[in-house]
Amino acid sequence: MKDAEESSNGKRRFRLIRGFRDLLPPETYLWNRLEAIARAVFESFGFGEIRPPILEAADLFEKSIGEDTDVAGKELYFWVDSPRANKGIRRVRAVDKNSAMRSTSTDSKVRDELLHQASSGAFDALAETDLVTLRPEATASACRAYIEHGMQQLPQPVKLYYLGPMFRRERPQKGRYRQFYQIGAEVLGGSDAPAIDAEVIEMVMTFFDRLGLTGVELDINSIGHAADNCRRGYVEKLKAALEQVKDKLGGDSQRRIETNPLRVLDSKLEHEQPIIEKLPRLADHLCDECRTHYAAVKRQLGLRGVIFKENWRLVRGLDYYMRTTFEITAKGLGSQNAVCGGGRYDGLVELLGGPPTKGIGFAIGEDRLILSLQESGKGATAQGRDVYIAWMGEHAYAAAVRAAKDLRSAGFSVELPPTELKFGKALERADKLGSRYALILGDNEVAEGTWTLKTLADGTQQKFTEPELLEFLRKP
Ligand code: HAM
């Protein structure tokens, strides 16, 4: 079995599934700090948090992202969530466990059982919601929730943000995981005023700025709207131009001429670059309204002091976008350098069965943001404990427990060793944990009522009574 191996005691040792990670301390300190800053910045722009579920109906994403896209067409984790299918799988595994042929035969047995169920019509009566998926993103979920909870009755626009894991079955590499985390925001309802587009982008840039992230680049574009005199007309022209150069393109681009010609503009293949540069440009084919909207977005960004670069090839990989699209790249990430992507998606709520509704938003890839911060030396993690209590003796232990309680409730991080250690050993541990101070408590100190505090950085020691100690530590 791929993700497990046998350990020295003969038991199966479990390991992570490919593309999945454990996030561990002290790095999680950085994740938490970053998330706290995101919340503070987004809330200062009037956004409130939404926590949609991780499991949704598969067709929510197929419909909104588009079945011809990589994300919805190839990368969804989905399965049939019906009591019948679950029972079938459990039955196969039970049989399998009792047999001598463990693990190697599991996959084929499960497959055979599922095929058998499918051919015997077991899935025919499935409701649409029985096909579920781990969410690959949260824009569609936010739109579903907007409709489901009648948020169009609230003062518009509704401004939502979210943080959490997303799942895409991509080929894992640096900065690309099968479970990754996004920090995103969506503005739903109200008008499509260009000031909204600009403010959403200003908010991301403010967040990056607050983190001290340097070397970020913002690319923007307008992909117009789906009408003959705008994007649809352009796509026809693009298709015709691509047909002319089809022989010179790689297999992926050749296929995309049929399925999604705009995505050819996304190609990173070196030999395709000079060909793409000569293709007709969408900016020359925008309708008057979309062109005016785009010009106003750029003006509004200027007003806010947001620096951007126009990129006519920025089309984004999800079908729901229209007009403004944007992407932000950061340093130190190699080929997976997009830390944020977003855009306008008027019409998505309607597509999902809601009323005509404007929408715009973005999502930041948190894993990549963390990587970029670390590469640029801004990824400081937690300092060690504030105080390590080095205690010896029964009376000292009772005082140490009390001191730990008082110090923790005063907001300090405290390490209290559970068993007695010689002072030398205890100070060694305190040092290893990166503690700032060691509080030395022996029976003598307790009897005298004066406690010794050692500053580990310089080895100096001071004596305090219990109340004096708290007062000293509280000083900035
Ligand atoms: P996206 O461009 O698919 O857009 O994803 C946004 C960001 O998520 C990417 O720029 C990247 O940083 C991160 N990301 C995507 N896939 C992975 C992965 N496999 N591993 C690590 N990071 C990844 C969306 O998801 C849209 N829902 C954004 C949006 C919100 N548009 C409007 N509102």
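Looking at the range 184-217, which of the residues that are within 23 Å of Gln336 (Cα to Cα) and in a strand (DSSP E or B) is farthest from the ligand (Cβ to nearest atom)?
Glu217
Here are some residues: Thr465, Thr460, Thr450. Which one is farther than 17 Å from Arg385 by Cα, touching a Phe, Trp or Tyr at 6+ places or on another chain (Cβ under 7 Å) and not small (Gly, Ala, Ser)?
Thr450
Can you list the helices (runs of 4 or more DSSP H) lying wholly within the range 1-84 that have 1 or more residues being closer than 25 Å to Leu188 by Cβ and among the acidic types (Asp, Glu)?
Counting at least 1 such residues, we get 27-44, 58-65.
More than 27 Å from Ala36 (Cβ to Cβ), surrounded by 21 or more Cβ atoms within 10 Å (Cβ to Cβ) and of a type in the set (D, E, K, R) - does that describe any residue in the range 323-335?
So far as the range 323-335 goes, yes, one or more of its residues are more than 27 Å from Ala36 (Cβ to Cβ), surrounded by 21 or more Cβ atoms within 10 Å (Cβ to Cβ) and of a type in the set (D, E, K, R).
Go through Lys278, Lys237 for me and flag whichever is among the basic types (Lys, Arg), surrounded by 13 or more Cβ atoms within 10 Å (Cβ to Cβ), more than 33 Å from the chain's Cα centre (by Cα) and within 19 Å of Arg313 (Cβ to Cβ).
Selected residue: Lys237, the only one of Lys278, Lys237 that is among the basic types (Lys, Arg), surrounded by 13 or more Cβ atoms within 10 Å (Cβ to Cβ), more than 33 Å from the chain's Cα centre (by Cα) and within 19 Å of Arg313 (Cβ to Cβ).
Taking the range 7-36 on its own, how many of its residues are crowded, with 17+ Cβ neighbours inside 10 Å and more than 30 Å from Asp130 (Cα to Cα)?
The number of residues fulfilling the criteria is 3.
Pick from the range 385-409 the residues that are surrounded by fewer than 17 Cβ atoms within 10 Å (Cβ to Cβ) and not basic (Lys, Arg): which of them is nearest to Thr28 (Cα to Cα)?
Ser409
Take the residues of the range 350-365 that are part of a loop (DSSP other than H, G, I, E, B) and open to solvent by 30 Å² or more (accessible area, probe 1.4 Å): which is nearest to the ligand (Cβ to nearest atom)?
Restricting to residues being part of a loop (DSSP other than H, G, I, E, B) and open to solvent by 30 Å² or more (accessible area, probe 1.4 Å), the top hit is Lys358.
Those residues that are more than 8 Å from the ligand (Cβ to nearest atom), assigned to a helix (DSSP H, G or I) and open to solvent by less than 40 Å² (accessible area, probe 1.4 Å), I need them from the range 367-384; list them, please.
Across the range 367-384, the qualifying residues are Ile370, Leu371, Ser372, Leu373.
Do you know which of the residues in the range 339-361 that are among the aliphatic types (A, V, I, L, M) and more than 26 Å from Arg291 (Cα to Cα) is nearest to the chain's Cα centre (by Cα)?
Val339
Filter the range 169-199 for residues that are over 15 Å from the mean Cα position of the chain (by Cα) and β-branched (Val, Ile, Thr); which is least open to solvent (accessible area, probe 1.4 Å)?
Looking at residues that are over 15 Å from the mean Cα position of the chain (by Cα) and β-branched (Val, Ile, Thr), I get Val187.
With respect to Ile220, is the statement that it is among the β-branched types (Val, Ile, Thr), open to solvent by 30 Å² or more (accessible area, probe 1.4 Å), within 16 Å of the ligand (Cβ to nearest atom) and out of contact with any Cys (no Cβ under 9 Å at 6 or more places or on another chain) true?
no
If Gly347 satisfies all but one of (1) more than 16 Å from the ligand (Cβ to nearest atom); (2) in contact with a Pro (Cβ under 9 Å, 6 or more places away or on another chain), what's the number of the condition it fails?
Only one criterion is unmet by Gly347, namely (1).
If you take just the strands (runs of 3 or more DSSP E) that sit entirely in the range 422-476, which of them hold at least 3 residues that are surrounded by fewer than 18 Cβ atoms within 10 Å (Cβ to Cβ)?
461-464
When Leu134 is evaluated against the numbered criteria (1) out of contact with any Phe, Trp or Tyr (no Cβ under 6 Å at 6 or more places or on another chain); (2) at pLDDT 95 or above; (3) open to solvent by 30 Å² or more (accessible area, probe 1.4 Å), which criterion, by number, is the only one it fails?
Among (1) out of contact with any Phe, Trp or Tyr (no Cβ under 6 Å at 6 or more places or on another chain); (2) at pLDDT 95 or above; (3) open to solvent by 30 Å² or more (accessible area, probe 1.4 Å), the lone unmet condition for Leu134 is (1).
Does Met166 count as within 15 Å of the ligand (Cβ to nearest atom), touching a strand residue (DSSP E or B) at 6+ places or on another chain (Cβ under 6 Å) and either closer than 30 Å to Phe78 by Cα or open to solvent by 30 Å² or more (accessible area, probe 1.4 Å) (or both)?
Judged against the criteria, Met166 is a match.
I'd like the full set of residues that are small (Gly, Ala, Ser) and not in a loop (DSSP other than H, G, I, E, B), limited to the range 323-349.
Residues satisfying the conditions are Ala338, Gly341, Gly342, Gly343.
Identify all residues within the range 39-56 that are over 16 Å from the mean Cα position of the chain (by Cα) and either among the polar types (S, T, N, Q) or loosely packed, with under 15 Cβ neighbours inside 10 Å (or both); write none if there are none.
Ala40, Glu43, Ser44, Gly46, Gly48
Output the residue which, of all residues in the range 301-322 that are open to solvent by 50 Å² or more (accessible area, probe 1.4 Å) and in contact (Cβ under 8 Å) with a residue 60 or more places away in the chain, is nearest to the ligand (Cβ to nearest atom).
That would be Asp319.
Pairs under 7 Å by beta carbon, first residue at negative phi and basic (Lys, Arg) in the range 142-158, partner part of a helix (DSSP H, G or I) and open to solvent by less than 70 Å² (accessible area, probe 1.4 Å), six or more apart or different chains?
Arg144/Leu60
The values are calculated or read from the model by the stated rules, or taken from the named source; none is laboratory data. Computed from a predicted structure; not experimentally measured. Cβ sites come from the backbone with ideal geometry, for glycine too, and all protein chains shown count toward neighbours. Accessible surface is based on the protein model in full, side chains and every heavy atom, while ligands, DNA and RNA are left aside. Shrake-Rupley method; radii C 1.70, N 1.55, O 1.52, S 1.80 Å.
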